[in-house]
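Each remark here refers to the structure printed beneath this line.
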Amino acid sequence: MAQHNGFRRYAAQAASATLPQEAEIVAFTRVNAELSGAKDRIAELKALHRNHQLWSLIVRDVAMEGNRLPPALKDQLATLGLWSMQYSLAAMSRELPVSALTAVNTNMIEALRAQLDAARGPAATSSTASNGPAITGGADGGSGLAARA
């Protein structure tokens, strides 16, 4: 039931976002804040679980038939997602540093921001834009995560 509540919160955030990338940035930013800010093992375990849930949603979304991302990008995101999920599980069973997970999530945030800047036009493009992967390409024009959560 708690997992279902997390999906509903994410869906509500995504619904209030102007563009799908904004919801995805919020999701990755919150997970990173939880991972980095965990003060004890229980908080860290909760953050690792949340990271696992987020990447599970992404992997599920890129595997869906209606996802419009290019096949190579879907493969890359699935591979990255599976690695992140496996690392999250490993870190739950042994105390591994979460910095690898926050680095991957930060790269996703940067790629999503670059894509968001591009979608808003040249005037909004930042000088730190990245050409990294973005997870927008679901049947709804975004990742589709909010619609399926």
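The values are calculated or read from the model by the stated rules, or taken from the named source; none is laboratory data. Since the structure is predicted, the reported quantities are computational estimates derived from the model, not experimental observations. Neighbour counts run over all protein chains shown; Cβ positions are idealised from the backbone, glycine included.
From the list Leu48, Leu69, Leu54, Leu112, pick out the single residue that is of a type in the set (A, V, I, L, M), in contact with a Ser or Thr (Cβ under 9 Å, 6 or more places away or on another chain) and part of a loop (DSSP other than H, G, I, E, B).
Details: Leu48 fails: part of a loop (DSSP other than H, G, I, E, B); Leu54 fails: part of a loop (DSSP other than H, G, I, E, B); Leu112 fails: part of a loop (DSSP other than H, G, I, E, B).
None of the other options fit; the residue is Leu69.
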Note: among Ala27, Ala23, Ala14, just one is assigned to a helix (DSSP H, G or I), at pLDDT below 90 and surrounded by 21 or more Cβ atoms within 10 Å (Cβ to Cβ), namely Ala14
By residue number, the members of the stretch 85-106 that are outside any helix (DSSP H, G or I) and over 22 Å from Glu24 (Cβ atoms) are Arg94, Glu95, Leu96, Pro97
